[in-house]
Amino acid sequence: MTFERLEQIVIGHIEADLLPTEDRKKVLLALSNLFPDSKFKKEGYRLIGEADLSRFKELLEKEEIRTAIEAALDDNLAGEKAFLDLNKTAALAGRVAIDESSPFGKIRLQVPWKKA
């Protein structure tokens, strides 16, 4: 089962779009809602960092979206890593949602992954 593999992953690589019109503090708040206690640095129009996935995995259980996340990771496999694009607006509200080309940018999570 894919989620068991996700349970073994502790740290993920995060890149969040930071559009010129956005408030950096709001983007950082969105990130901290999903990945508290993580540090991010600004590189161009992105915030980049490594994040503990504990809170993120708790939200997957709470919101009952584990199956959708599993499928998205399997669909976005590249070598031994997979990525997942998360919606920043949902993250600002403390929720996890897959981003499907939002004009407001995304939060990209990349983790080590192997298809089941």
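Rule-based calculations on the coordinates, nothing more; no lab input. Small disclaimer: the values here were computed from a predicted structure and weren't measured. Don't worry about glycine lacking a Cβ; one is built from the backbone with ideal geometry, like all the others, and counts go over all protein chains shown.
Shown here: the chain, whose C-alpha atoms stretch 40, 29, 26 Å along the first, second and third principal axes, sorted largest to smallest. The lysines whose alpha-carbon is closer than 30 Å to the alpha-carbon of residue 115, local same-chain residues fewer than 8 away aside, are 39, 57, 62, 81, 88, 106. The chymotrypsin sites (Phe, Trp or Tyr not before Pro) of segment 1-96 meeting both criteria, a DSSP state outside H, G, I, E and B (loop) and at most 15 other C-beta atoms within 10 angstrom of the site's C-beta, are 45. Using the Cβ-Cβ distance between residue 43 and residue 11 with R0 = 25 Å, the FRET efficiency computed as 1/(1 + (r/R0)^6) comes to roughly 0.85. Of the residues 29, 14, 65, the one whose Cα sits farthest toward the positive end of the charge dipole of the chain, with +1 on the Cβ of Lys and Arg and -1 on the Cβ of Asp and Glu, is 29. A DSSP coil position with no more than 11 other Cβ atoms inside 10 Å describes the following GluC sites (Glu not before Pro) in segment 44-100: 64, 80, 100. Contact order for the chain, expressed relative to its length and based on alpha carbon pairs under 8 Å spaced 6+ residues apart, stands at 33 percent.
A simple charge model with +1 on the Cβ of Lys and Arg, -1 on the Cβ of Asp and Glu and nothing else charged puts the dipole of segment 1-48 at about 240 debye relative to its Cα centre.
Taking Cα atoms only, the orientation of helix 66-75 departs from the longest principal axis of the chain by about 90 degrees. About its Cα centre, the dipole of the chain is roughly 400 debye, where the only charges are +1 on Lys and Arg Cβ and -1 on Asp and Glu Cβ.
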